[in-house]
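Everything on this sheet refers to the single structure shown next.
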Amino acid sequence: MCGITGFWAPHVFTDEGASLAAVRHMSQRLTHRGPDADGHWIDDETGVGLGHRRLSIIDLSPNGVQPMVSASGRTVIAYNGEVYNFQEIRRALPKDIPWHSETDSEVVLEAIEHWGVEEAAQRFNGMFAIASWDRQSRALTLIRDRIGIKPLYFGTSGKSLLFGSELKSLSAFPGFENGIRPAAIESVLALGYVRSPLSIYEGIRKLAP
């Protein structure tokens, strides 16, 4: 199943230890989604942190651990899901990519770097939630599959942008004090669930498929 989480919080943390502790705390809330590995990636210069809980399915070796950095070092992803046609996409990518694993995660990563986010996502046939950070352009992109099978929440808390597979990872961010959204309670009472794109928290939404 796997789970992803993270933040873009410039000028919030005073050192790498604090930001690393924050993303670890967030990803620990998703342990049930990925019991096999707990990975973290921090860029203190920009205030970006990515976390990943892994359920190993394809390529059980440590080479499939995330967050994963591209061969060039430019792109970093945290990815949950499965791209069914990843072998086909891998064959369409440049032959000189130094592959380190047999995972669909690495194919997703290198496809995003080679074609860009929009074209790569159009090629993906599957169910997925992806956080992609471009270290060169300093752009964070969140992607969710067309049907919305894999969940992904995002929003702000103070001056920080947060995201994650489940709300409990966002609420684990230090200083999270987002209140309960009255419209979400109304939705539960009327429909039995919180309608999209709302979440129970003010300032946090479900990413549209």
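The values are calculated or read from the model by the stated rules, or taken from the named source; none is laboratory data. Note that the structure is a prediction, hence the values are computed from the model and not measured. Using ideal geometry, Cβ is built from the backbone for each residue, glycine included, and neighbour counts are taken over all protein chains shown. For the accessible areas, the whole protein counts, side chains as well, though only heavy atoms, and no ligand, DNA or RNA atoms are used. Shrake-Rupley method; radii C 1.70, N 1.55, O 1.52, S 1.80 Å.
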Checklist outcome for this item: Given the conditions (1) within 19 Å of the chain's Cα centre (by Cα); (2) assigned to a helix (DSSP H, G or I), every one holds for Gly155 apart from (2)
Next on the checklist: Given the condition among the hydrophobic types (A, V, I, L, M, F, W, C), in a strand (DSSP E or B), touching a Gly at 6+ places or on another chain (Cβ under 7 Å) and open to solvent by less than 40 Å² (accessible area, probe 1.4 Å), answer yes or no: does some residue in segment 54-75 qualify?
Outcome noted: no
Next on the checklist: For segment 78-91, check the following and say yes or no: at least one residue is at pLDDT 95 or above, under 22 Å from Lys168 (Cβ atoms) and not small (Gly, Ala, Ser).
Outcome noted: yes
Checklist entry - Residues in segment 39-53 that are open to solvent by 60 Å² or more (accessible area, probe 1.4 Å) and either within 19 Å of Ser171 (Cβ to Cβ) or part of a strand (DSSP E or B) (or both): how many? => result 0
Checklist entry - Does Glu113 qualify as being modelled with pLDDT of 95 or more and either out of contact with any strand residue (DSSP E or B) (no Cβ under 8 Å at 6 or more places or on another chain) or polar (S, T, N, Q) (or both)? => result no
Next on the checklist: If I filter segment 190-201 for residues that are within 28 Å of Ile42 (Cα to Cα), open to solvent by 20 Å² or more (accessible area, probe 1.4 Å) and not aliphatic (A, V, I, L, M), do I get at least one hit?
Outcome noted: yes
Next on the checklist: Being of a type in the set (A, V, I, L, M), under 27 Å from Thr141 (Cβ atoms) and not in a helix (DSSP H, G or I) is the filter here; which residues of segment 173-209 pass it?
Outcome noted: Val194, Leu198, Ile200, Ile204, Leu207, Ala208
Checklist entry - Taking segment 102-133, which residues are open to solvent by 30 Å² or more (accessible area, probe 1.4 Å) and assigned to a strand (DSSP E or B)? => result Met127
